[in-house]
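The block underneath contains the structure these notes are about, expressed in structure tokens.
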Number of protein chains: 2
Amino acid sequence: MAVGTIPFPTMPALEGVRLGTTMAGIKQAGRRDLVVIELPESATVAGVFTRNAFCAAPVQVAKAHLAECRAQQQAPRYWLINTGNANAGTGAQGLEDARESCRTLAREAGVPACAVLPFSTGVIGEPLPTQALLAGIAPAFAARDSQSAAWEQAAAGILTTDTRSKGASVEVPVGDRRITINGFAKGSGMIRPDMATMLGFVVTDAAVEPALLERLLRDAVNHSFNCITVDSDTSTNDACLLAATGRGAQVSSEADIRALADGLEQVLVALAQAVIRDGEGATKFVTLEVTHATTRQEALDVAFTVAHSPLVKTALYASDANWGRILAAVGRAPVADFDVDRVVIDLGEVRLVESGGRAPGYTEAAGSAVMAREEITIRIDLGRGDDSARVWTSDLSHDYVSINADYRS
Amino acid sequence: MAVGTIPFPTMPALEGVRLGTTMAGIKQAGRRDLVVIELPESATVAGVFTRNAFCAAPVQVAKAHLAECRAQQQAPRYWLINTGNANAGTGAQGLEDARESCRTLAREAGVPACAVLPFSTGVIGEPLPTQALLAGIAPAFAARDSQSAAWEQAAAGILTTDTRSKGASVEVPVGDRRITINGFAKGSGMIRPDMATMLGFVVTDAAVEPALLERLLRDAVNHSFNCITVDSDTSTNDACLLAATGRGAQVSSEADIRALADGLEQVLVALAQAVIRDGEGATKFVTLEVTHATTRQEALDVAFTVAHSPLVKTALYASDANWGRILAAVGRAPVADFDVDRVVIDLGEVRLVESGGRAPGYTEAAGSAVMAREEITIRIDLGRGDDSARVWTSDLSHDYVSINADYRS
């Protein structure tokens, strides 16, 4: 299941960027599962990665290679992504397997091994099927292409339990020129990103200094991928990469930086929302807006407490205006000296809670009408400060249990 | 569903303690839903209550009455419990309704209103059906009885989505005499107690000073009800009450205190485990043991992170030895400077994880054999300190979603 329909956008070609995919037989026969993304020598690259302590082998290697490239002023030239196996919880052998895959692509492309950043997604704890993966690298490399279809195939080639590809593309003005930002992502379950989503790959043709690129990525991720949750489980393999090819306009003035930041946030929010719309078993797309908090962290804490509540999520699935469950979840959020009499909760345009109890004008019919919708906004006004946050989540359905209990993912 | 079978124990009568129940029509016709528990004038009483900021009206009144009794050196003489409605999120009217129910029972019994402590459980946010409740008080009061059957009826009269009554009784030696501890509890969903379970009522015939009774209850709750979770949702109505009737042996020596503390923990652990075995949709009873943590809190944090993970819970439901999900959950626990290479994870007697990856001797067959069981222990050795904790939880099944989505609870 998935909420709404979002066609994959037409991605403009970006000079110097080519994407190749193949069916390497890692995930299952007849399924694109290996992707090579080529960046030009002029590119700068930034990345944010999972904070899970059991961080997967490819994440460790990608971080190390990124640092090595930076030290050697070498551009990371290739992103190598496989689905079907996360290469996580695989110990020393997993690290060696990830490095070996980088070396194989590096030989094929004639670049140093550190110029290849590896990414894996899929089942955790099983050895990487190295033979199939290594054998797929040459065909994927040979298939490189810059056209829109190549972007779409790459976006399809990184999916796991996702039911559809997730892409976004915007153009923003920079001075008297325009730059393009293309991005795609995957993710459906084990989604409670902490620094990034499961996997997100974003490329712009702008020219951006590495330190600025890093800051822009971090800010945009904090307002997009770090504001979503399907099931509260942070993955071992989260990574979001941003490359600036340097072939387009230089971004350096404050106005240009703001334009790029806005465009980047637009792409990342679109991808993050697409992950939620395709959340495992999702039948609802839910926005939680928490306002008048003391700090943004406090607002996020309240929003995520509600977003993670299995009782709120099953009520959303049932289209049941059981607002007592929302109130109970807000009440258990980690907020110091919480005066609940000041809390106001709205479901869509319907006021649910004020003065510590049900709002006087509330009717079950009005609440149920909002709950019946596929897209629902819950607003929680804490009445105690000036900070706010917005979080997106999905519901908890029978299909979520089926997807995660009926077969191994 | 529920895990295993536990017959309700035969509860010995305790001098001065009488329990009355009736079918007041609050929950549904033909169902015991109102309970009066009478304590002797010699009783001391301690209580622990939910930390949910949206604390229900009866919890607020019970706390106030308990304090009032203490200030006036008056024994709390009655616990008045209804199921079918939680009287939570009901604002000023809810408080007035709770107080009115206390006054009604107080008039019937000829005691001050503060001697009545009210408790409610059931749906949150709907007005208390006061008329039915008040009308039921006289019949429940008249039905008071001290025999074992009265205990069993009272335990049945507080249930909500529970599929069975939960009771425990032990006898412990105090000096050359023996004291009895009888307890019963309810709870099945919205179970992540923070100071207590949904509702637990425990009575001993020992004579115990109020301050000591309070400390004993708090300690026992911290190792029982505060160590369980079904769905991570802390209720607005959690309360656990302990009365010492004072009719039996005086507990004051260190040895006697230890004996009472052990007996009390035994009763509360049995009740807490019974809640988990009857967790909404539960098909598995799971023990999480975290050892060699820096602090007990750190051990609890890791245990609860795993216990709350929907992906671990659905794997348990599926009897799928998907240990990568356990590893991923451990890895996202809030532990500072986490060296995962020192972590050892065992599933029953089978080693899953060591040195950052799958244990060398592990086989899927061995893991699956443990997962197929109805009772499963997961041991997580953090290898970094001397503290430990144990947490009990259930799995996440289709029935959990049905119970919480198919009708309003």
Q. Looking at A:Thr245, A:Thr305, A:Thr287, A:Thr294, which is the one that is closer than 19 Å to B:His308 by Cβ, hydroxyl-bearing (Ser, Thr, Tyr) and more than 13 Å from the chain's Cα centre (by Cα)?
A. A:Thr305
Q: Being more than 10 Å from every other protein chain (Cβ to nearest Cβ) and polar (S, T, N, Q) is the filter; apply it to region B:358-409 and report the residue that is surrounded by the fewest Cβ atoms within 10 Å (Cβ to Cβ).
A: B:Thr363
Q: Could you list all residues from region A:2-43 that are among the hydrophobic types (A, V, I, L, M, F, W, C), outside the structural domain of A:Thr161 (by TED's automatic domain parsing) and either surrounded by fewer than 18 Cβ atoms within 10 Å (Cβ to Cβ) or free of Cβ contacts under 8 Å to residues at least 24 places away in the same chain (or both)?
A: A:Ile6, A:Ala13
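When only residues in region B:224-239 that are closer than 19 Å to B:Ala389 by Cβ and not polar (S, T, N, Q) count, which is nearest to the other protein chains (Cβ to nearest Cβ)? Step through it out loud before you land on a result.
Our first condition is that a residue be closer than 19 Å to B:Ala389 by Cβ; within region B:224-239, this holds for B:224-230, B:232, B:234.
Then keep just the ones that are not polar (S, T, N, Q); that gives B:225, B:227-228, B:230.
Numbers: B:Phe225: 15, B:Cys227: 17, B:Ile228: 15, B:Val230: 9 Å.
Top of the filtered list is B:Val230.
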Q) Within the group B:Cys69, B:Cys114, which residue is touching a His at 6+ places or on another chain (Cβ under 7 Å), in contact (Cβ under 8 Å) with a residue 12 or more places away in the chain and not hydroxyl-bearing (Ser, Thr, Tyr)? A) B:Cys114
Q | Scan of region A:157-198 for residues that are surrounded by 22 or more Cβ atoms within 10 Å (Cβ to Cβ) and aliphatic (A, V, I, L, M), ordered by number | A | A:Ile158, A:Leu159, A:Ala168, A:Val172, A:Val174, A:Ile179, A:Ile181, A:Ala185, A:Met190, A:Ile191, A:Ala196, A:Met198
Q. Which condition number in (1) outside any loop (DSSP other than H, G, I, E, B); (2) within 16 Å of the chain's Cα centre (by Cα) is the one that A:Asn237 fails?
A. (1)
Q | Options A:Val302, A:Val306, A:Val335; residue that is hydrophobic (A, V, I, L, M, F, W, C), surrounded by fewer than 23 Cβ atoms within 10 Å (Cβ to Cβ) and within 14 Å of chain B (Cβ to nearest Cβ) | A | A:Val335
Q) Looking at region B:339-357, which of its residues are surrounded by fewer than 20 Cβ atoms within 10 Å (Cβ to Cβ) and among the hydrophobic types (A, V, I, L, M, F, W, C)? A) B:Val344
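If you go through region A:33-53 one residue at a time, do you hit one that is closer than 26 Å to A:Glu214 by Cβ and in a helix (DSSP H, G or I)?
In the first step, residues of region A:33-53 are kept if they are closer than 26 Å to A:Glu214 by Cβ; the result is A:35-53.
Subsequent filtering for residues that are in a helix (DSSP H, G or I) retains none.
No, the conditions are met nowhere in region A:33-53.
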Q.
For region A:201-228, which positions are touching a Ser or Thr at 6+ places or on another chain (Cβ under 9 Å) and not in a helix (DSSP H, G or I)?
A. A:Val203, A:Thr204, A:Asp205, A:Ala206, A:Ala207, A:Val208, A:Glu209, A:Ser224, A:Ile228
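Is it the case, given these coordinates, that A:Ser355 is within 13 Å of another protein chain (Cβ to nearest Cβ), without any contact (Cβ under 8 Å) to a residue 24 or more places away in the chain and on the phi > 0 side of the Ramachandran plot?
Working: within 13 Å of another protein chain (Cβ to nearest Cβ): yes; without any contact (Cβ under 8 Å) to a residue 24 or more places away in the chain: yes; on the phi > 0 side of the Ramachandran plot: yes.
Here the answer is yes, as A:Ser355 does meet what is asked.
Please state which one of B:Ser252, B:Ser224, B:Ser235 is farther than 30 Å from A:Thr305 by Cβ, out of contact with any His (no Cβ under 6 Å at 6 or more places or on another chain), of a type in the set (Ser, Thr, Tyr) and in contact (Cβ under 8 Å) with a residue 40 or more places away in the chain.
B:Ser252
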Q: Kindly state which helices (runs of 4 or more DSSP H) lie completely within region A:57-155 and contain at least 3 residues that are touching a Cys at 6+ places or on another chain (Cβ under 9 Å) and in the same structural domain as A:Leu242 (by TED's automatic domain parsing).
A: A:57-71
**Q.** Exclusive hit being within 21 Å of the chain's Cα centre (by Cα) and either within 14 Å of another protein chain (Cβ to nearest Cβ) or among the polar types (S, T, N, Q) (or both), set B:Thr90, B:Thr22, B:Thr83
**A.** B:Thr83
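Might you check whether a residue that is of a type in the set (S, T, N, Q), surrounded by 24 or more Cβ atoms within 10 Å (Cβ to Cβ) and assigned by TED's automatic domain parsing to the domain that holds A:Leu80 occurs anywhere in region A:247-258? Reasoning before the result, please.
Restricting attention to region A:247-258, the residues satisfying the condition of being of a type in the set (S, T, N, Q) are A:250, A:252-253.
Narrowing further to those that are surrounded by 24 or more Cβ atoms within 10 Å (Cβ to Cβ): none.
No, there is no match, as no residue in region A:247-258 is of a type in the set (S, T, N, Q), surrounded by 24 or more Cβ atoms within 10 Å (Cβ to Cβ) and assigned by TED's automatic domain parsing to the domain that holds A:Leu80.
Looking at the structure I just gave you, is A:Ala282 of a type in the set (Gly, Ala, Ser) and either within 14 Å of chain B (Cβ to nearest Cβ) or farther than 26 Å from A:Leu382 by Cβ (or both)?
On the way: of a type in the set (Gly, Ala, Ser): yes; either within 14 Å of chain B (Cβ to nearest Cβ) or farther than 26 Å from A:Leu382 by Cβ (or both): yes.
When the stated conditions are applied, A:Ala282 passes them.
Does A:Asp278 count as without any contact (Cβ under 8 Å) to a residue 40 or more places away in the chain and within 22 Å of A:Thr234 (Cβ to Cβ)?
On the way: without any contact (Cβ under 8 Å) to a residue 40 or more places away in the chain: no; within 22 Å of A:Thr234 (Cβ to Cβ): yes.
Taking the combined requirement at face value, the residue does not satisfy it.
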(Q) Could you go through region B:242-260 and let me know if any residue there is touching a strand residue (DSSP E or B) at 6+ places or on another chain (Cβ under 9 Å), assigned to a strand (DSSP E or B) and within 14 Å of chain A (Cβ to nearest Cβ). (A) no
**Q.** Among (1) surrounded by fewer than 18 Cβ atoms within 10 Å (Cβ to Cβ); (2) of a type outside the set (A, V, I, L, M); (3) within 14 Å of A:Gly136 (Cβ to Cβ), the one test that A:Arg51 misses
**A.** (3)
Q: Give the residue, chosen from A:Ser120, A:Ser146, that is of a type in the set (Gly, Ala, Ser), surrounded by fewer than 24 Cβ atoms within 10 Å (Cβ to Cβ) and touching a residue at least 12 places away in the same chain (Cβ under 8 Å).
A: A:Ser146
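The values are calculated or read from the model by the stated rules, or taken from the named source; none is laboratory data. Keep in mind that what you see is a predicted model, and the values were worked out from it rather than measured. Don't worry about glycine lacking a Cβ; one is built from the backbone with ideal geometry, like all the others, and counts go over all protein chains shown.
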